[in-house]
Amino acid sequence: MKNQFKLHLITAAVLSAVGLTSLAQDRDTTSSGKSSAATTQSSSAQVQSRDLRASKLIGQEVKNTQGESMGDIQDLIVDPVAQRVHYAVLSFGGVLGMGDKLFAFPVSAFKASQDKDELVLNVAKERLKNAPGFDRNNWPDMSSNRYRGEVDRYFKSGAAARGKSGGRMMRASELIGKDVNDRGGKDAGEIEDMVVNMTNGQIRYVVLDFDKAWSPDDKMVALPLKVLTFPRDKGEDLVLNVPREKIDMARGFDEDKWPDLNAAEFRREQDRYLSSFDTGRNAEPQRGSRDGTVTYGASGEKGTSRSSK
């Protein structure tokens, strides 16, 4: 009798151990599945988030979610300090009886294609008719909160959606082609283009076409906006706060041989290079200069301000 009782106890203990092991394996499998799913979703999100050239977006046709042509992009409104795209300005060309006015739409109103350099305006037609617009020959001051406030309230795009703003807005077309000098006031090159991500509203980088004095092989190089000084006077040249040896480390490319901006290898290489400018405080704008310029440091150096050439 005692032997039978012991046998029952041993059997129960073995079954209990097997059950706990099985449960642990099930939990591990479930956890692994969730982790794998999360990784897949993260990878998918990265694939969907495409980088686009601002110069290619300007003039591009925009369609609605039904595939109907709505108009074209006249310009992008950007904040160079916060390194963000806030709005795309559209012309509807008389569609819906809206005349020849222009309309600013927050980045959140667009859906970017996963595999094409295209944007879809995700706004119902009836909402377009009452959107705040302006005459194409009388652009509002985008640095003022007045018109921006109207747009944000209408589309319910608040400060949280816009991201932190440095207060100064510019048109992307004003930045493209802008001359850039070194800190000694000598020509360094010009901004060839600006690469943006309309999914998250980031200005990923600008592409500089360097003069031969800076780049003997006449290569173009991607740089973050924070290494440039923007004088208060929009007519003045920008100032580059990066030593020449830092430019020599970059992977350049020819003007007529642009790489695939969304190729995985190219993006990884660009991200590594761009992250080398994130040096704590030196990655933040240095404010308070007497002439109102905004200066950035790079590679452990503090930039200098300049109000005139």
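The values are calculated or read from the model by the stated rules, or taken from the named source; none is laboratory data. What you are looking at is a predicted structure, and each value in this text was computed from that prediction instead of being measured. Positions of Cβ are generated from backbone atoms using ideal geometry, with glycine treated the same way; all protein chains shown enter the neighbour counts.
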For ASP115, all conditions in the list (1) within 16 Å of VAL85 (Cα to Cα); (2) surrounded by fewer than 16 Cβ atoms within 10 Å (Cβ to Cβ) hold save one; what is the number of the exception? (1)
Apart from one, (1) under 26 Å from LEU76 (Cα atoms); (2) in contact with a Leu (Cβ under 8 Å, 6 or more places away or on another chain); (3) assigned by TED's automatic domain parsing to the domain that holds ARG272; (4) of a type outside the set (Ser, Thr, Tyr) all hold for GLY201; the odd one out is (2)
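Filter the range 195-225 down to the residues that are part of a loop (DSSP other than H, G, I, E, B) and within 15 Å of the chain's Cα centre (by Cα), then identify the one that is surrounded by the most Cβ atoms within 10 Å (Cβ to Cβ).
If we filter the range 195-225 for residues that are part of a loop (DSSP other than H, G, I, E, B), which is where we start, we get 198-201, 211-219, 224.
Next, from what is left, pick out any that are within 15 Å of the chain's Cα centre (by Cα): 198-201, 224.
Values: MET198: 24, THR199: 17, ASN200: 14, GLY201: 22, PRO224: 21.
Per the criteria, the residue is MET198.
Identify all residues within the range 146-194 that are in a loop (DSSP other than H, G, I, E, B) and modelled with pLDDT of 90 or more; write none if there are none.
To start, the set of residues in the range 146-194 that are in a loop (DSSP other than H, G, I, E, B) comprises 156-158, 163-169, 176-178, 182-186.
Residues satisfying the conditions are MET169, ILE176, GLY177, LYS178, ASP182, ARG183, GLY184, GLY185, LYS186.
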Conditions (1) surrounded by 15 or more Cβ atoms within 10 Å (Cβ to Cβ); (2) basic (Lys, Arg); (3) at pLDDT below 50; number of the one not met by LYS246: (3)
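Determine whether the range 240-255 contains at least one residue that is within 30 Å of SER108 (Cβ to Cβ) and in contact (Cβ under 8 Å) with a residue 40 or more places away in the chain. It would help to see each step written out before you state the result.
To start, the set of residues in the range 240-255 that are within 30 Å of SER108 (Cβ to Cβ) comprises none.
No; the residues of the range 240-255 include none that is within 30 Å of SER108 (Cβ to Cβ) and in contact (Cβ under 8 Å) with a residue 40 or more places away in the chain.
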Report the residue count in the range 57-74 for those that are closer than 15 Å to GLY93 by Cα, buried (at least 20 other Cβ atoms within 10 Å of the Cβ) and at pLDDT 90 or above. 2
When (1) of a type in the set (A, V, I, L, M, F, W, C); (2) closer than 30 Å to MET170 by Cβ; (3) at pLDDT below 95 are applied to LEU23, the one that fails is (2)
First in the range 257-276 and outside the structural domain of ASP117 (by TED's automatic domain parsing), second anywhere and at pLDDT 90 or above and among the charged types (D, E, K, R), Cβ under 7 Å, 6 or more apart: LEU261/ASP51; ASN262/ARG50; ASN262/ASP51; PHE266/ASP260
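Per-residue answers, yes or no, for (1) assigned to a strand (DSSP E or B); (2) free of Cβ contacts under 8 Å to residues at least 24 places away in the same chain:
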position	(1), (2)
VAL62	yes, no
LEU76	yes, no
VAL81	no, no
TYR87	yes, no
GLY93	no, yes
ASP117	no, no
Is there a residue in the range 109-132 that is at pLDDT below 90, among the small types (Gly, Ala, Ser) and under 23 Å from ASN262 (Cβ atoms)? yes
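Given the criteria outside the structural domain of LEU119 (by TED's automatic domain parsing), in contact with a Leu (Cβ under 6 Å, 6 or more places away or on another chain) and touching a residue at least 24 places away in the same chain (Cβ under 8 Å), does ALA188 qualify? Please lay out each step first, then the result.
Details: outside the structural domain of LEU119 (by TED's automatic domain parsing): yes; in contact with a Leu (Cβ under 6 Å, 6 or more places away or on another chain): yes; touching a residue at least 24 places away in the same chain (Cβ under 8 Å): yes.
So ALA188 passes the test.
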Would you confirm, using the coordinates I've provided, whether LYS234 is touching a residue at least 12 places away in the same chain (Cβ under 8 Å) and outside any strand (DSSP E or B)? yes
